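Since the structure comes first, as structure tokens, the remarks are kept for the end.
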Amino acid sequence: MLVDNHNRRINYLRLAVTDRCNLRCNYCMPSEGIDFVKNDKLLTIGELSKISEVLVSQGIDKIRITGGEPFVRKDLMVLLRKLSTLDKLPDISVTTNATLIGPYIDELKALGIKNINVSLDAINRETFERITRRNQFDTVHNNLIRLITEGFNVRINFIVLEGQNEQDIVPILDLMKHYNVSVRFLEEMPFNGGSKNFSGIKWDYKAILEHISKSYSDFQKLESPPTSTSINYKIEGHKGTFGIIPSFSRTFCGSCNRLRVTATGDVITCLYGKPKANLRDVIRGENGVEEIKNVVLETIGNRAKTGFEAQAEHSKTIFENSMTSIGG
Ligand code: SAM
Ligand code: SF4
């Protein structure tokens, strides 16, 4: 079992498989001039498999594949096939923008990979295109409906962006009323290539909840697992649920069970802090596989207690990188 220096059990790995993406969401990446890392700096599928295997042997039982956009990576299914053979890994999840997942839906189902988070910040075509800077609305919509009707556990991640998509908060709940999905509203974080630096946000979880309660008075708070980052609710008469993730306010650190490994192998023990080691260098060195375990144990033994403490590791802006290198 992996336990950190604040006695929190670490059993959840968020594994980024690429920093590339086919969208350019304006809260995540600049429209151009992005310095994507060279291919030889990315972990290979073999390395991603090996790292996963070692971490699962140490007590990780949930892996979420993220990116960049995971399905931009042509060999992603090779990794997913391998992960699905690991007996001690009951939960494999994927976070995706749902543009490229279509051809893989049948195989994902066959592999037993059922938990898919779809990032969708608008139900209006123009708003979607303005935010993502691409015209993939129909593809995303069709893939989303297909995932839901094929029985995947779908969660929609909707980042509430001041002046951009607040008018879609209630309509997306109306639209999803008859579907068994969870719509999760996220506070925006200042991760957009460093161009924005803010000390507060308008749409924090209280504002989001207040906004929803003006249209829906009849909803109940649900019990959530202690490690959940979302505060969850059920609206009377709705098949699914909704949640709010206070990413900026950070009320969830006390029960954080997460470890992140970026596509280049950086080990991140807190989303708000700096990388603590690099597993690519380790795995490509002598005794690579044995060393992965030692490095991870050391980083987990030195975790910041809260996101606010970790944030102090940055000297200038809170977040110098795009979220695309970290994976959310
Ligand atoms: N491309 C995939 C997607 O969009 O789902 C996976 C990678 S994306 C970086 C992972 C998650 O990070 C998404 O749900 C996205 O909405 C979230 N994200 C990106 N930038 C963010 C920001 N500035 N604040 C909050 N969440 C952000
Ligand atoms: Fe791409 Fe996801 Fe970032 Fe949007 S949020 S630009 S889909 S990585």
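The values are calculated or read from the model by the stated rules, or taken from the named source; none is laboratory data. Given the structure is predicted, the values throughout are model-derived calculations rather than measurements. In this analysis, Cβ positions are derived from the backbone assuming ideal geometry, glycine residues included, and neighbour counts consider all displayed protein chains. The protein model used for the area step is the full one, side chains on, heavy atoms only, and it has no ligands, DNA or RNA in it. Shrake-Rupley method; radii C 1.70, N 1.55, O 1.52, S 1.80 Å.
Things to note:
- Relative contact order for the stretch 46-157, counting Cα pairs under 8 Å that sit 6 or more residues apart, in percent: 25
- Rounded to the nearest 10 degrees, the inclination of helix 137-149 to the longest alpha-carbon principal axis of the chain is 80 degrees.
- Overall form of the stretch 51-157 per C-alpha gyration tensor (a/c, 1.5; a/b vs b/c): prolate
- Sorted peptide list for 98-105, 239-246, criterion being average Cβ within 10 angstrom, highest first: 239-246, 98-105
- Relative to the longest principal axis of the Cα atoms of the chain, the long axis of helix 288-300 makes an angle of roughly 60 degrees.
- Surface composition of the stretch 46-190: carbon plus sulfur atoms hold 47% of the accessible area, using a 1.4 angstrom probe and ignoring ligands, DNA and RNA.
- Taking the Cα centre of the chain as origin and assigning +1 to Lys and Arg Cβ atoms and -1 to Asp and Glu Cβ atoms, the resulting dipole is close to 240 debye.
- Mean Cβ neighbour count within 10 Å, used as a protection proxy, ranking 276-285, 47-56 highest first: 47-56, 276-285
- Positive dipole terminus of the stretch 141-230, leading residue within 212, 185, 153 (C-beta point charges): 153
- Burial order of peptide ranges 3-11, 113-121, 158-166 (average beta-carbon count within 10 Å, highest first): 113-121, 158-166, 3-11
- With all protein chains in place and a 1.4 Å probe, the accessible surface of the stretch 227-328 carries 49 percent carbon and sulfur.
- Calculated log₁₀ intensity ratio I(q)/I(0) where the Debye formula runs over C-alpha points of the stretch 75-115, q = 0.23 Å⁻¹: -0.78
- The percentage of C-alpha pairs in the chain whose separation is greater than 31 Å is 28%.
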